[in-house]
Amino acid sequence: MTYQELADLLRYPEDPARQELYVQTFEFNPASTLEIGWHLFGENYERGEFLVRMREQLRRHGIAESSELPDHLTLALPLIACMGYDEAAQFAGESILPALAKIRSALQGNPYEAVIAGIAEKLEADYPDAPRRPLQLPIFQEAACD
């Protein structure tokens, strides 16, 4: 599957029966929100900077914004497909994969867990040498790693 096809699996469904599961999974549960910046920075100032950088990247690559915030996974996946390999590997390893790990841990037993797992597996296969953000560090310590 392409990154766009994977992103489409995470869009708000038209089927009313699936809408309730989507809302309960991604909109009412902060642990599984699809906003990757929230998983990386929480409500810290750094998330605002991340949102600005994401918006700049979306514009640079001609990706139209939607009603979602610029760090939404449905925008990040098409974005990564537009980037050069090195830039995409860094974005995948330092931002998307760590967020997916947190989302996946919150989706145990949820049908969307397989979709998140599939996205993570594709990213890991496409960018095996991607740098990794240390998941165990609190945000205030991550700046010391730079």
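The values are calculated or read from the model by the stated rules, or taken from the named source; none is laboratory data. Here the structure is a predicted model, which means the values were calculated and not measured. Note that we place each Cβ from the backbone using ideal geometry, even for glycine, and neighbour counts take in every protein chain shown.
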Could you say which residue among LEU51, LEU34, LEU9, LEU73 is within 17 Å of the chain's Cα centre (by Cα) and farther than 15 Å from TYR112 by Cα?
LEU51
Kindly establish whether GLY42 is on the phi > 0 side of the Ramachandran plot and of a type outside the set (Phe, Trp, Tyr).
yes
Within the range 5-54, the residues that are in contact (Cβ under 8 Å) with a residue 12 or more places away in the chain, surrounded by fewer than 18 Cβ atoms within 10 Å (Cβ to Cβ) and not in a helix (DSSP H, G or I) are ARG11, ASN29, GLY42, ASN44
Within the range 113-134, tally of residues that are modelled with pLDDT under 85 and surrounded by 13 or more Cβ atoms within 10 Å (Cβ to Cβ):
1
